[in-house]
1. Out of (1) under 22 Å from residue 150 (Cβ atoms); (2) open to solvent by less than 70 Å² (accessible area, probe 1.4 Å); (3) modelled with pLDDT of 95 or more; (4) not hydrophobic (A, V, I, L, M, F, W, C), the odd one out for residue 114 is which?
2. Just give me the residues in the stretch 127-137 being open to solvent by 50 Å² or more (accessible area, probe 1.4 Å) and more than 25 Å from residue 227 (Cβ to Cβ), in sequence order.
3. Restrict the check to the stretch 117-126 and report whether at least one residue is among the hydroxyl-bearing types (Ser, Thr, Tyr) and exposed (fewer than 14 other Cβ atoms within 10 Å of the Cβ).
4. Which residue, of 140, 154, is under 21 Å from residue 229 (Cα atoms) and in contact with a helix residue (DSSP H, G or I) (Cβ under 9 Å, 6 or more places away or on another chain)?
5. Against the definition (touching a residue at least 60 places away in the same chain (Cβ under 8 Å) and under 20 Å from the mean Cα position of the chain (by Cα)), how does residue 167 come out, yes or no?
6. Anything in the stretch 152-185 that is assigned to a loop (DSSP other than H, G, I, E, B) and open to solvent by 40 Å² or more (accessible area, probe 1.4 Å)? List them, or say none.
7. With respect to residue 143, is the statement that it is in a strand (DSSP E or B) and at pLDDT below 95 true?
8. Does the stretch 186-203 contain any residue that is more than 23 Å from residue 46 (Cβ to Cβ), among the hydroxyl-bearing types (Ser, Thr, Tyr) and surrounded by fewer than 24 Cβ atoms within 10 Å (Cβ to Cβ)?
Amino acid sequence: MAKVDRATESLPFLKVEAAGNDFVLLDLRTEPGPRLTPPAVRYLLDRHRGIGGDGLLILRDSPQGEVVEFRNPDGNPADFCGNGARCVAAHLLGEGNGPILFRLMKIAVEARRTESGIAVRSGGAQALAMPDLSRLRPRPAALIHAGVDHWIVPVGDVGSLDLLGLGSALRSHPWPTEKGANVTFVERRRTEIRIRTYERGVEGETLSCGSGAIAAAHWALGDERGPMSVLTRGGDLMQVWRDESGSYWLAGPNRVVFSGVWPLTSKGAGPATRSKAGRKES
């Protein structure tokens, strides 16, 4: 567990990744820790001036058990993160097999160790009503809610996409909310699906997306339960399946990349020294 060193004003952290989706994990179950404003989170997750990552995971204790706050690189919270949940699960499981329970934002998560890696169950997925998308190119086949919203766009070859161009245009479409949605491109193979995801809040592509894998599998499986093999942009293979209750499980590789301490004061050029413009305050 992290404990702020009051002598050096530094905060321990873990850099973790799941199928190439990387995060900064702060375990603050015994320590309130600093208040991280959106500018501080952006600085912390900056790949050039901070630790770098696709998101920030803040683990805390509550009367209801362990809870996890998730922030995107733009500093704003997101409702769910499948691979982030798997990283937290691995941290909490240690050498154990589980099952364990915790909450990521408002979503209840069950986790256990399986042959396919750390697996998390986070509830079901559902197809949402589609608006008139006749003017959009490429045209999404479905809008799936899997903790967060994903446009599902079938393509012949995910490797040849102009993902940034196509993804950014679709991501900003004002349906279903003003916040827009993630965009997951799906290539169907005989024994697997291959995906690439443009993530809202990251505003770019990640090497994998857990909620995107669940949303794509839900669309591809139809009435079947799976498992469905999902090949990510980073080359890792994930497994998605639906249990008897209708909830989805997501499993795959993950690891701790490194640990370190993050300076909180101006002496350490920490996030408290950054202004909204990204400059050091005097």
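1. So the condition that residue 114 fails would be (1).
2. Kept after step one, since they are open to solvent by 50 Å² or more (accessible area, probe 1.4 Å), are these residues of the stretch 127-137: 127-130, 132, 134-135, 137.
Answer for the stretch 127-137, where residues must be open to solvent by 50 Å² or more (accessible area, probe 1.4 Å) and more than 25 Å from residue 227 (Cβ to Cβ): 129, 130, 132, 134, 135, 137.
3. no
4. Only one candidate qualifies: 154.
5. no
6. Within the stretch 152-185, 156, 157, 162, 172, 173, 174, 175, 176, 177, 178, 179 meet the criteria.
7. Numbers: in a strand (DSSP E or B): yes; at pLDDT below 95: yes.
Yes.
8. Yes, the conditions are met somewhere in the stretch 186-203.
The values are calculated or read from the model by the stated rules, or taken from the named source; none is laboratory data. Quick caveat: nothing in here was measured; it's all calculated off a predicted structure. No Cβ is skipped: glycine too gets one built from the backbone with ideal geometry, and neighbour counts run over all protein chains shown. Ligands, DNA and RNA are excluded from the accessible area calculation, which covers all protein heavy atoms including side chains. Shrake-Rupley method; radii C 1.70, N 1.55, O 1.52, S 1.80 Å.
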